[in-house]
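The block underneath contains the structure these notes are about, expressed in structure tokens.
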Amino acid sequence: MNRGRFSTVLLLLVAITASGVWVVHTKYLTRLHFSQLQDLRAQRDALDVQWNRLRLEEAALSTDVRVERKARDELGMYLPRVGDVMLIEEVDHDRP
């Protein structure tokens with residue numbers, strides 16, 4: 001084999017080896033990123049479940065009956081009696 005042909009074969013062998021290493025590395029990165037994607041999807045799903053649970057809890061805690069009971073029992077609030085209500089009329093200062 002002459003020297004030029006040997007260099008070409010050696011260069012091709014190096015290129016094929018580098019290409020193979022690059023393919024293996026790319027495949028490794030693909031698997032790594034896919035694993036990270038699956039972890040993020042699982043976290044998203046868990047957060048969705050938690051968000052829905054919190055929305056249900058908020059809806060349960062903010063019902064009118066519960067708010068009224070808390071206002072009455074804990075804050076001492078009550079519906080005003082007829083005598084406690086005062087009607088104030090608006091005065092129009094622009095009318096002569």
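Every read-out reported here was derived from the displayed coordinates using simple, explicitly stated rules and does not represent laboratory data. It should be emphasised that the depicted structure is a prediction, and the values quoted were computed from it without experimental measurement. Every residue, glycine among them, receives a Cβ derived from its backbone with ideal geometry; neighbour counts consider all protein chains shown.
Looking at the range 84-92, is at least one residue assigned to a helix (DSSP H, G or I) and either among the acidic types (Asp, Glu) or under 44 Å from the mean Cα position of the chain (by Cα) (or both)? Even if it seems obvious, please write down each step before you answer.
Filtering the range 84-92 down to residues assigned to a helix (DSSP H, G or I) leaves 84.
Checking which are either among the acidic types (Asp, Glu) or under 44 Å from the mean Cα position of the chain (by Cα) (or both) leaves us with 84.
Yes, that holds for at least one residue.
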- Which condition does MET77 not pass, out of (1) in contact with a helix residue (DSSP H, G or I) (Cβ under 8 Å, 6 or more places away or on another chain); (2) in a helix (DSSP H, G or I), if it passes all the others? (2)
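Out of ALA46, ALA60, ALA42, ALA18, report the one residue that is part of a helix (DSSP H, G or I), of a type in the set (Gly, Ala, Ser) and under 30 Å from LEU79 (Cβ atoms).
Values: ALA46 fails: under 30 Å from LEU79 (Cβ atoms); ALA42 fails: under 30 Å from LEU79 (Cβ atoms); ALA18 fails: under 30 Å from LEU79 (Cβ atoms).
Result: ALA60 is the single residue among ALA46, ALA60, ALA42, ALA18 that is part of a helix (DSSP H, G or I), of a type in the set (Gly, Ala, Ser) and under 30 Å from LEU79 (Cβ atoms).
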